[in-house]
Amino acid sequence: MKICVIGLGYIGLPTSSILASNGYIVNGYDVSSKVVEVINSGNSHVEEPGLRTLVQAAVNSGNLKAYASPQESDVYIISVPTPINEDKKADLTYIEHAAQAILPMLKKGDLIILESTSPPGTTRDTLVPILEKSNLEIGKDLFIAHCPERVLPGKIIYELINNPRIIGGINEESAKRAEKIYKTFVEGPIYLTDATTAEMVKVMENTYRDVNIALANELAQISGELGINCWEVIKLANLHPRVNIHNPGPGVGGHCISVDPWFIVEKFSSLAKLINQARQVNDYMPEYVCSLIQKHLSVIEKPKITILGVTYKADVDDCREAPSERIIENLKKNSDYNIFIYDPHVRNYKYELSNFKDAFENCDCIVVAVDHTEFKYIDPEQLAKIVRNKLVIDTRNALDQVKWSNNDFNYILLGENLEKTECLAR
Ligand SMILES: NC(=O)c1ccc[n+]([C@@H]2O[C@H](COP(=O)([O-])OP(=O)(O)OC[C@H]3O[C@@H](n4cnc5c(N)ncnc54)[C@H](O)[C@@H]3O)[C@@H](O)[C@H]2O)c1
């Protein structure tokens, strides 16, 4: 059986490699010729533990080949991006283009699986109308299912195999046919449902996280006002057997949690009040961090600010929607600020990245925006010798407060005992 995976990114590439290593002939298709070239050389263009080895084995076995055009197959798995536009509305053009690209090659018995996270109703209202143009009867001659991906970057390969999967068919036969494919490599349980329910399950998983992070971010601001440490509040509250308060931070990033709740708000704006409010609380956090920086640097002339971390979470290279970008852009509006950026995981970034020495030399304010493991090992004693002003603003509770304070750093932790600041007035 031949499978064409459309979109060979963080999701499509590991999925292709696992399918190939389970005996399928996988024709990967990506619009980026660079991606195609890298994969065919046995490499991975995304940073993910174990992925390079898996890709190399799949390519060497002859089962995985990448192409710059779609290849006729029996199963098509669509794993293209589903971002939001400036107006927070879902951009479904990638899905539409993918569906249109395979339309001429569809034949009786083919199965199309949409893996991209999609607004509820997309399979039924966007994908089906395009695929109907094949003149094949949907659900009888052409089978369509939505199988959302719920892997965690950093653990993608393990979770692809072990996570429970939800498969929503456009009809029961479609769901069953998709299940057969996933059963060849998924060891977790597989649950079958309809396509729109499967779409809503995925979007609600991320919305649940977003709303709960917003709750933690409000707690962080309130704790700062109250003169207590929100991290201690969270630790102690979570000792309750049915409480799981999430961690606050400089905002929510990534292409999932900060994006997917908008899919619901767009369609149900008058009903999704809490979801909308949570998005706004989280989207406000970069501004809140900037006002903390501003407040603590008000007495320093032309300060040098070093941002530590530009990815959306720790120990990955993915910068999509990361709050650091909003922090940097906000700070750049002040021409007095001299901004340096350091991230050991990122090679190419929108703004210039510095090496370790340049980043910290004569620095006036270190802002920890991501809790990369490496940052825990930065030695404050050594840094104390090269910075100009000993100030660190930790938005992730990533550093050892005692160690930094013992080296005379003014250690400011997001959500802890802050004096009342103007920024709190929204
Ligand atoms: N990355 C994750 O951790 C994750 C987790 C769960 C769900 N998802 C969802 O999976 C989907 C894919 O995400 P991703 O992170 O793999 O994206 P990505 O940006 O890493 O990869 C997408 C790939 O698709 C290619 N592409 C774009 N349009 C194309 C087209 N018309 N035809 C062929 N190729 C095309 C791009 O060049 C890119 O290589 C999104 O809907 C995302 O929300 C991602």
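Since every read-out is calculated from the coordinates, none of them should be taken as a lab result. What you see is a predicted model, and the numbers here were worked out from it, not measured in a lab. Reconstructed Cβ throughout: ideal geometry from the backbone, glycine too, with neighbour counts over all protein chains shown.
For the reader, a short list of remarks on this structure follows.
- Normalised by 2.2 N^0.38 Å, where N counts its residues, the alpha-carbon radius of gyration of the chain equals 1.07.
- Ranked by the mean number of other Cβ atoms within 10 Å per residue, highest first, peptides 343-350, 408-415 order as 408-415, 343-350.
- Set 176/202; 357/385; 34/180 screened for pairs whose C-alpha atoms are more than 21 Å apart: 34/180
- Counted charge near residue 368, where neighbours are those whose Cβ lies closer than 9 Å (Asp, Glu -1; Lys, Arg +1): -1
- For segment 199-232 and segment 58-83, distance of Cα centres in Å: 38
- Each listed q (0.12, 0.17 Å⁻¹) maps to a log10 I(q)/I(0) for segment 2-194, found by the Debye formula over equal Cα scatterers with no solvent: -0.53, -1.12.
- Residue exposure sequence - 118, 41, 258 - by fewest surrounding Cβ within 10 Å: 41, 258, 118
- Taking Cα centre as origin and charging only the Cβ of basic (Lys, Arg, +1) and acidic (Asp, Glu, -1) residues, the dipole magnitude of segment 229-424 rounds to 340 debye.
- Overall size of segment 277-364 from C-alpha positions, given as principal axis extents largest first: 36, 31, 18 Å.
- Per residue convex hull volume, Cα atoms of segment 229-424, in Å³: 141
- For residue 341, nonlocal amide neighbours, meaning residues 5 or more places apart or on other chains whose placed amide H falls under 5 Å from its own, are 307, 354.
- Most positive-pole-ward Cα, 338, 234, 250, against dipole of segment 229-424 from beta carbon charges: 234
- Within the chain, percent of DSSP bridges classed antiparallel, to nearest 5: 10
- Charged side chains reduced to their Cβ positions (Lys and Arg at +1, Asp and Glu at -1) give the chain a dipole of some 360 debye around its Cα centre.
- Ranked list, fewest to most other Cβ atoms within 10 Å of each Cβ, for 200, 105: 105, 200
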